[in-house]
1. Take the residues of the range 5-55 that are among the polar types (S, T, N, Q) and touching a residue at least 40 places away in the same chain (Cβ under 8 Å): which is surrounded by the most Cβ atoms within 10 Å (Cβ to Cβ)?
2. Select, from His71, His99, His59, the only residue that is touching a residue at least 60 places away in the same chain (Cβ under 8 Å) and either surrounded by 16 or more Cβ atoms within 10 Å (Cβ to Cβ) or within 17 Å of the chain's Cα centre (by Cα) (or both).
3. Of Leu54, Leu81, Leu112, Leu62, which residue is under 16 Å from Leu4 (Cβ atoms) and not in a helix (DSSP H, G or I)?
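The values are calculated or read from the model by the stated rules, or taken from the named source; none is laboratory data. Everything numeric in this text was worked out from a predicted model, so none of it was measured. Please note: Cβ atoms are built from the backbone with ideal geometry, for glycine as well, and neighbour counts cover all protein chains shown.
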Amino acid sequence: MSLLCHYPDVITNAVGMSGTYDVARFVGENAGDDLYFATPSYFLPDLNGEHLALLQTRHAILASGEGGGEHRRVVAACARLGRKGIPNRVDPWGSEYDHDWSTWRQMLPKYLGELV
């Protein structure tokens with residue numbers, strides 16, 4: 001997601017699989033510019049102009065299981081994208097899918113097949 005938001009001139013689609021979309025809980029709220037630029041939810045509100053216009057022609061898919069609060073974070077990330085007019089969708093996979101490699105191994109082929 002961060003790469004799509006930073007480089008819409010290079011990246012046309014993004015698939016987020018069980019992402020947190022905010023690294024503040026790992027590095028602390030006072031990580032300065034590093035936190036700001038690594039976290040789309042921090043820098044998206046400030047985007048405008050040509051960069052935002054190009055990003056609004058891109059697409060993001062955010063998939064997640066629905067346990068452990070991760071789905072709530074995914075829905076919030078999609079809402080932030082939507083407020084800036086960036087096309088996106090949430091794909092909930094259900095509570096039987098954990099935040100784990102076995103889930104991501106199932107997700108990736110589905111979305112690669114869809115985007116290719």
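1. Start the filter on the range 5-55 by keeping residues that are among the polar types (S, T, N, Q), which leaves 12-13, 18, 20, 30, 39, 41, 48.
This time we only want the ones that are touching a residue at least 40 places away in the same chain (Cβ under 8 Å), so: 12-13, 18, 20.
Details: Thr12: 12, Asn13: 14, Ser18: 21, Thr20: 15.
Looking at the filtered set, the residue picked out is Ser18.
2. So the residue among His71, His99, His59 that is touching a residue at least 60 places away in the same chain (Cβ under 8 Å) and either surrounded by 16 or more Cβ atoms within 10 Å (Cβ to Cβ) or within 17 Å of the chain's Cα centre (by Cα) (or both) is His99.
3. Among Leu54, Leu81, Leu112, Leu62, only Leu62 is under 16 Å from Leu4 (Cβ atoms) and not in a helix (DSSP H, G or I).
Each row is one residue, and each column tells you yes or no for (1) more than 28 Å from Ser95 (Cα to Cα); (2) at pLDDT below 95; (3) aromatic (Phe, Trp, Tyr).
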site: Asn48; (1), (2), (3): yes, yes, no
site: Leu52; (1), (2), (3): yes, no, no
site: Arg58; (1), (2), (3): yes, no, no
site: Leu62; (1), (2), (3): no, yes, no
site: His71; (1), (2), (3): no, yes, no
